[in-house]
Amino acid sequence: ARTALRVLVEERLVERSAEQGAYFLGLLKSLHSSKIKEVRGIGLWIGIELHVSARPYCEALKQEGVLCKETHDKVIRIAPPLIIRREEIDWAFERIRRVIEKG
């Protein structure tokens with residue numbers, strides 16, 4: 001437990017989660033689609049609420065290499081690792097954008 005806490009502090013994982021999460025949320029909130037009801041999150045715990053079932057979108061994202069989970073039927077839940085890099089967020093965002101637009 002001490003080692004885990006030391007890594008959390010030394011690698012600034014909490015701060016990085018807040019920074020990377022804000023960046024990812026900003027990208028996702030820039031999506032303008034009638035399919036999206038709301039984009040919300042805290043840190044890297046992100047939800048994209050749709051007006052329709054999220055399952056087909058999660059399945060399409062899986063085919064694109066983005067792992068996510070539908071929750072409450074209409075929410076795409078995204079929870080990337082705390083060590084995710086900006087270029088990986090950009091990569092994931094492009095796939096999410098493409099899947100949402102394709103619908």
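What are the residue pairs meeting all of these: first residue in region 72-91, first residue under 17 Å from Arg12 (Cβ atoms), second residue part of a loop (DSSP other than H, G, I, E, B), Cβ atoms under 6 Å, and 6 or more apart or on different chains?
Sorted first by the residue in region 72-91, then by its partner, the pairs are Pro80/Leu44.
For the structure I just gave you, tell me whether Val14 is under 21 Å from Arg85 (Cα atoms), surrounded by 14 or more Cβ atoms within 10 Å (Cβ to Cβ) and among the aliphatic types (A, V, I, L, M). It would help to see each step written out before you state the result.
Numbers: under 21 Å from Arg85 (Cα atoms): yes; surrounded by 14 or more Cβ atoms within 10 Å (Cβ to Cβ): no; among the aliphatic types (A, V, I, L, M): yes.
When the stated conditions are applied, Val14 does not pass them.
Does Gly26 count as in a helix (DSSP H, G or I) and over 10 Å from the mean Cα position of the chain (by Cα)? Can you show your working first?
Details: in a helix (DSSP H, G or I): yes; over 10 Å from the mean Cα position of the chain (by Cα): yes.
Taking the combined requirement at face value, the residue satisfies it.
Say whether the condition of being hydrophobic (A, V, I, L, M, F, W, C), closer than 13 Å to Ile100 by Cα, in contact (Cβ under 8 Å) with a residue 60 or more places away in the chain and surrounded by 13 or more Cβ atoms within 10 Å (Cβ to Cβ) is met by at least one residue in region 51-71.
No, because not a single residue in region 51-71 is hydrophobic (A, V, I, L, M, F, W, C), closer than 13 Å to Ile100 by Cα, in contact (Cβ under 8 Å) with a residue 60 or more places away in the chain and surrounded by 13 or more Cβ atoms within 10 Å (Cβ to Cβ).
Would you check which residues across region 17-49 are surrounded by fewer than 14 Cβ atoms within 10 Å (Cβ to Cβ), of a type in the set (Gly, Ala, Ser) and closer than 16 Å to Glu70 by Cβ and list them?
Of everything in region 17-49, nothing turns out to be surrounded by fewer than 14 Cβ atoms within 10 Å (Cβ to Cβ), of a type in the set (Gly, Ala, Ser) and closer than 16 Å to Glu70 by Cβ.
Every read-out reported here was derived from the displayed coordinates using simple, explicitly stated rules and does not represent laboratory data. All values derive from a computational prediction rather than experimental measurement. Positions of Cβ are backbone-derived with ideal geometry, glycine not excepted, and every protein chain shown enters the neighbour counts.
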